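J.: Handing you this structure, nothing more for now.
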Amino acid sequence: MDPAARQELARSALAGYVHGPAAATAATSLALAKADGARAVILVEGVSDQIAVEALAARRARDLNAEGIAVVPIGGAHATAQYLRRFGPGGAGVRMAGLCDAGEEDILRRGLAQAGLGSPRSRADVERMGFHVCVADLEDELIRAAGIALVEQLLDAQGDLGSFRTLQRQPAWRGRRQEDQVRRFMGAGSHRKLRYARLIVGAVDLARMPAPLDAVLADV
């Protein structure tokens with residue numbers, strides 16, 4: 001596939017989303033503008049998570065804008081408490097749900113308590129409050145849901161399979177689990193994590209969607 005065709009595919013996969021060096025900050029600003037007056041917000045760590053949630057909503061025939069639901073990428077777990085306070089009972093007082101990575105679960109629990117939303121002691125408590133934990137993160141969940149065969153089909157269709165094979169041959173990654181190789185590949189360069197969040201959600205059978213991703217939509 002020639003470079004121009006690959007670039008066009010990449011642009012198409014990111015249609016409707018900001019990208020570039022300031023993408024994270026711009027995406028948060030745009031989402032916060034939508035959150036003004038929203039009846040509910042879904043807090044996610046990054047833009048790829050936002051894209052995945054919104055892509056699944058579209059597949060589930062849900063119009064989040066019409067429902068008054070804003071998906072807000074908060075720029076990482078360090079900002080969790082800040083946004084929980086902003087939208088919680090001491091702030092906007094709207095319905096909240098969210099996703100977090102397994103490594104940040106303790107941060108989420110502390111943030112929920114600091115925002116006056118309760119004192120969750122277990123993952124089940126966190127889930128009852130509308131927040132769902134991805135193991136290890138949403139990219140990992142999506143890769144496992146899709147399976148390597150489907151992921152490689154998507155890589156091939158996007159003109160990325162050759163680059164992925166190159167990564168697999170690198171000494172640091174040779175012989176590693178394919179799921180780990182894919183996760184590393186998608187996390188490096190060309191906004192791959194953002195693009196493949198949308199592409200994988202669009203390709204995976206709805207019955208195989210990661211449980212946390214399905215659950216967070218069901219909670220708003």
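J.: To the nearest 10 degrees, how steeply does helix 148-157 sit against the main Cα axis of the chain, on a 0 to 90 scale?
T.: Helix 148-157 sits at roughly 70 degrees to that axis.
J.: Where nothing but the Cβ of Lys and Arg (+1) and of Asp and Glu (-1) is charged, how large is the charge dipole of region 1-121 around its Cα centre, in debye to the nearest 20?
T.: Approximately 380 debye in magnitude.
J.: Turning to a different aspect of this structure: Packing-wise, with mean Cβ within 10 Å as the measure, how do 73-80, 164-171, 86-93 rank, highest first?
T.: 73-80, 86-93, 164-171
J.: Shifting gears a bit: Where the only charges are on Cβ atoms (+1 Lys, Arg; -1 Asp, Glu), what is the dipole of region 125-220 about its Cα centre, to the nearest 20 debye?
T.: 580 debye
J.: Most fluctuating residue of Ala66, Ala23, Ala146 in a GNM of the chain with Cα springs under 10 Å: which is it?
T.: Answer for the Gaussian network model of the chain: Ala66.
J.: Still on this structure, I have one more. Let me see the P(r) profile for region 91-182: every Cα-Cα distance counted, bins of 5 Å, each bin given as a percent of all pairs.
T.: Calculated over all Cα pairs of region 91-182, the distribution is 3, 12, 18, 16, 12, 10, 9, 10, 8, 4, 0 percent.
J.: Another question, if that's okay. Give, rounded to the nearest 20 debye, the magnitude of the charge dipole that the chain has about its Cα centre when Lys and Arg contribute +1 at Cβ and Asp and Glu contribute -1 at Cβ.
T.: My answer is approximately 200 debye.
J.: When every alpha-carbon pair in region 35-124 is counted, what percent end up more than 23 Å apart? Show your work: numbers first, answer last.
T.: On the way: 862 of 4005 pairs.
The answer is 22 percent, as a whole percent.
J.: On to the next question. Between helix 23-35 and the chain, what is the angle of the helix's C-alpha long axis to the longest principal axis, kept within 0 to 90° and rounded to the nearest 10?
T.: 40 degrees
J.: Still on this structure, I have one more. Which residue fluctuates most in the GNM of the chain (Cα springs below 10 Å): Ala149, Ala26, Ala58?
T.: Comparing Ala149, Ala26, Ala58 in the GNM, the peak value goes to Ala149.
J.: Helix 3-13: angle to the longest alpha-carbon principal axis of the chain, degrees 0 to 90, nearest 10?
T.: Roughly 20 degrees, rounded to the nearest 10.
None of the figures in this text is laboratory data; all of them are computed from the coordinates on show. This one's a predicted model, so the numbers in the text were calculated from it and none came from an experiment. Ideal geometry is used to build each Cβ from the backbone, glycine not excepted, and the neighbour counts take in all protein chains shown.
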